[in-house]
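Heads up: the structure comes next, in structure tokens.
Just so you know, all these numbers are worked out from the coordinates, no wet-lab data involved. Just so it is clear, the structure is predicted and the values come from calculations on it, not from any experiment. Counting neighbours? That spans all protein chains shown, and the Cβs are built from the backbone with ideal geometry, glycine included.
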Amino acid sequence: MAANENGQVGWTFLTNHARVLLAVARDPEMRLREVAAHCGVTERTVQGIVADLEDGGYLVRGRAADGRRNHYLVNPEAPFRHPAEAGHEIAGLLELLAREPAASRESAVS
């Protein structure tokens, strides 16, 4: 994202809630501080967003196999919350954006 002369980022298409959900969908065992760094928000913000997503039925938190980390399970059948997207599940968003972008896959192969 490009910043203006004041260092502020302009508007974006996705909310922080969507970014956190996508980050967790990509790596269900990612630490919240890593999610925060990836999304460009504070760890405290991510903690609040994860709590919102859990309360809304979008995420379920459990323990990872190592017993030291959390593991998150995303519910792809959860519906979008806004009436404009009524009847749509988040599965489509996850399908479109949770996978690694093509440019990243190509550079990893090179």
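In this simple spin-label model, placing a label point 7 Å from the Cα along the Cα-to-Cβ direction at both HIS88 and ARG26 gives a separation of 2.1 nm.
Extension gain for ARG33-ALA51 works out to 5.0 nm (0.36 nm per residue, less the C-alpha to C-alpha distance).
If you place +1 on the Cβ of every Lys and Arg, -1 on the Cβ of every Asp and Glu, and leave all else neutral, what size is the dipole of segment 16-100 about its Cα centre, to the nearest 20 Debye?
Charge dipole of segment 16-100: 340 debye, to the nearest 20.
With the charge dipole of segment 16-100 set up from +1 on Lys and Arg Cβ and -1 on Asp and Glu Cβ about the Cα centre, the Cα lying farthest toward the positive end among the listed residues HIS88, HIS17, GLY40 is that of GLY40. Neighbours of HIS17, meaning other residues whose beta-carbon lies under 14 angstrom from its beta-carbon, give a summed charge of -2 when Lys and Arg score +1 and Asp and Glu score -1.
Modelled spin labels at ARG63 and LEU14, positioned 7 Å past Cα toward Cβ, are 3.1 nm from each other.
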